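Just below is one structure, and these are the notes that go with it.
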Amino acid sequence: MPHIQSGDLVARFYALFEGWGIPWIVPRLIVMLVVVSIIILFISVVAMFLIWWERKISAHIQARFGPMRVGGWHGWAQSIADGVKLLLKEDIIPTRADRPVFILAPMVVFAAALAAYVVIPFGPGLIVEDLNIGILYVIAISSLAVVGIIMAGWSSNNKYAALGALRSAAQAVSYEVPLVISLIGPVLLAGSLSTTKIVEAQRYLWFIVLQPLAFLTYFTCAVAETNRLPFDIPEAESELVAGFHVEYSGMRFAIFFLAEYANMFTVCAIATTVFLGGWRGPLLPPWLWFLLKTFFLLFVMMWLRWTLARVRVDQLMDVAWKVLLPLAFANLGITGLLVWAFS
Amino acid sequence: MWRYLRELWQGFWSIILSMQITLRYLFTRAVTVQYPEEKRQLPVRALTRHVLTVDLDSKELKCTACDMCARICPANCIHLEGEGKGKARRPKWFVIDHNLCMYCNLCVEVCPFDAISMYTGMYELGGFSRTNLVYDMETMHADGFYPTIMTPRSPAGAGVKAPPPAGAGKQTRKA
């Protein structure tokens, strides 16, 4: 059951309903609904901001302005206008597509992106549910998105979509391995899989100082996991039009887009939690510190996107298996030895 | 092993260097001109819409309807008819079809009386039909001074105290 900030309030809410003789499931469902609504609202706002921000950064790196018209100040309402446009667009399902799977695919992708938000600690106590297997849970959930992508690619009845989905599956499966192994190092240091405990363990020193190699491998894998440049071959425009979501239009496409940006936020939030000391920081409130660090990592991701060119499929696999995996293993081994030696 | 590590380091370092360059570009000024709000300063002798220049004292058209421009025009876009004899000859009507004009400046160069100019800076030519781009004498009648092909690039004493040295592009246009 969720414990947002004040567990007492939730407990009193449950007790209130118990006193009225209403089945226990009703208040719990209400609380869940409220929490999920808050998270979805948060994801939407963040995704809208990120889309606008990315367009601005990409434009300024290329010495352009980017969106300038909608909403007055530097086109801040551009994402809202785009969202409204996508809502009003025709929802096309290809004639020979696998209808139920086609409709389900964006939902699966978005659900996977949404579920990861359960264990992100935005501040002390500001977490939906402090699972004692938090990191493991995030890793497990983030692999689920591949299922949705394969569903989308398969059901579209389009060779580009199918190829994009296959590539995406290969990429996600390959990069999952070094991603997990690079996360084990900090977990060893913290002695817990719970995200809150990991942040608590970084009271004196951020783990990026002790585990720079793990941070670099994790971040590279995270960029690959979210299918972003330079690892965006699942949706390489020059070869695959748009990859697995070629046939999607309107709101279904928007959900894919939303899930992509939600995933970006998740991986950066996990990086902040595990390596950058989570919500810890002087002067400013904890949640602001957390958001600042996360948005800095997101900025680095965008920065990287507009710096590097897309890699080939074989280069992609090379980087995963020949570079990141050995480095992650070396880091894990050295960390393990040191932890064993000093304890 | 060492080669592997060295290549790894080189790859990493090259990414850092390239990110430095993109970061520098992030903070350079955008080259975009926000067109309807801000407009670029055209060169003085940019070839734009025609104007029929006037004699500044008498405010009359310099054109004598000699038909030279119409005859040299490769696109055949100038049509005019004169009236009157000798020195009193003036155009009755004068039409330039800007659907056809290719801005070659030949009509200006051939004009013996300096009566037509393309140095007007009027480049926003748009219309909802093709006839909107056919300009008649009234539209092209100059309302004041326009630089022509005979105007010196840096006029000595034309309102400017010290003529800019080799500042051909600096000359301000009176319009």
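Checking the structure you have, find out if any residue of segment A:68-78 is without any contact (Cβ under 8 Å) to a residue 40 or more places away in the chain, crowded, with 18+ Cβ neighbours inside 10 Å, on the phi < 0 side of the Ramachandran plot and within 14 Å of chain B (Cβ to nearest Cβ). Within segment A:68-78, one or more residues are without any contact (Cβ under 8 Å) to a residue 40 or more places away in the chain, crowded, with 18+ Cβ neighbours inside 10 Å, on the phi < 0 side of the Ramachandran plot and within 14 Å of chain B (Cβ to nearest Cβ).
Taking A:Leu136 as the residue in question, decide whether it is hydrophobic (A, V, I, L, M, F, W, C), open to solvent by 30 Å² or more (accessible area, probe 1.4 Å) and within 26 Å of A:Arg312 (Cβ to Cβ). It is false that A:Leu136 is hydrophobic (A, V, I, L, M, F, W, C), open to solvent by 30 Å² or more (accessible area, probe 1.4 Å) and within 26 Å of A:Arg312 (Cβ to Cβ). Scanning segment A:209-245 for residues that are small (Gly, Ala, Ser) and closer than 19 Å to A:Ser182 by Cβ yields a total of 3. Among the candidates A:Ala63, A:Ala112, single out the residue that is within 14 Å of chain B (Cβ to nearest Cβ), open to solvent by less than 20 Å² (accessible area, probe 1.4 Å) and at pLDDT below 90. Only one candidate qualifies: A:Ala63.
Meeting the requirement of 2 or more residues that are within 14 Å of chain A (Cβ to nearest Cβ), at negative phi and of a type in the set (Val, Ile, Thr), the helices (runs of 4 or more DSSP H) wholly within segment B:1-113 are B:2-26.
Hey, among the residues in segment A:152-166 that are assigned to a helix (DSSP H, G or I) and either acidic (Asp, Glu) or open to solvent by less than 50 Å² (accessible area, probe 1.4 Å) (or both), which one's farthest from A:Phe329 (Cα to Cα)?
Residues of segment A:152-166 assigned to a helix (DSSP H, G or I): A:152-155, A:159-166.
Remaining after also requiring either acidic (Asp, Glu) or open to solvent by less than 50 Å² (accessible area, probe 1.4 Å) (or both): A:152-153, A:155, A:161-162, A:164-165.
On the way: A:Ala152: 33, A:Gly153: 33, A:Ser155: 37, A:Ala161: 34, A:Ala162: 33, A:Gly164: 29, A:Ala165: 28 Å.
Here the residue is A:Ser155.
Please verify whether segment A:40-54 includes one or more residues that are out of contact with any Pro (no Cβ under 8 Å at 6 or more places or on another chain) and within 14 Å of chain B (Cβ to nearest Cβ). The answer is yes; a qualifying residue exists. Condition check for A:Ala97 on (1) among the small types (Gly, Ala, Ser); (2) outside any helix (DSSP H, G or I); (3) at pLDDT 85 or above: one failure, at (3).
The residue that is farthest from A:Val313 (Cα to Cα), among those in segment A:238-254 that are small (Gly, Ala, Ser) and buried (at least 19 other Cβ atoms within 10 Å of the Cβ), is A:Ala254.
Screening A:Thr217 with (1) free of Cβ contacts under 8 Å to residues at least 40 places away in the same chain; (2) in contact with a Leu (Cβ under 6 Å, 6 or more places away or on another chain) gives one miss only, at (1).
The values are calculated or read from the model by the stated rules, or taken from the named source; none is laboratory data. None of the values given here were measured: they were computed from a predicted structure. Every residue, glycine as well, gets a Cβ built from its backbone with ideal geometry; the counts of neighbours run over all protein chains shown. Side chains included, ligands, DNA and RNA excluded: accessible areas come from the protein's heavy atoms. Shrake-Rupley method; radii C 1.70, N 1.55, O 1.52, S 1.80 Å.
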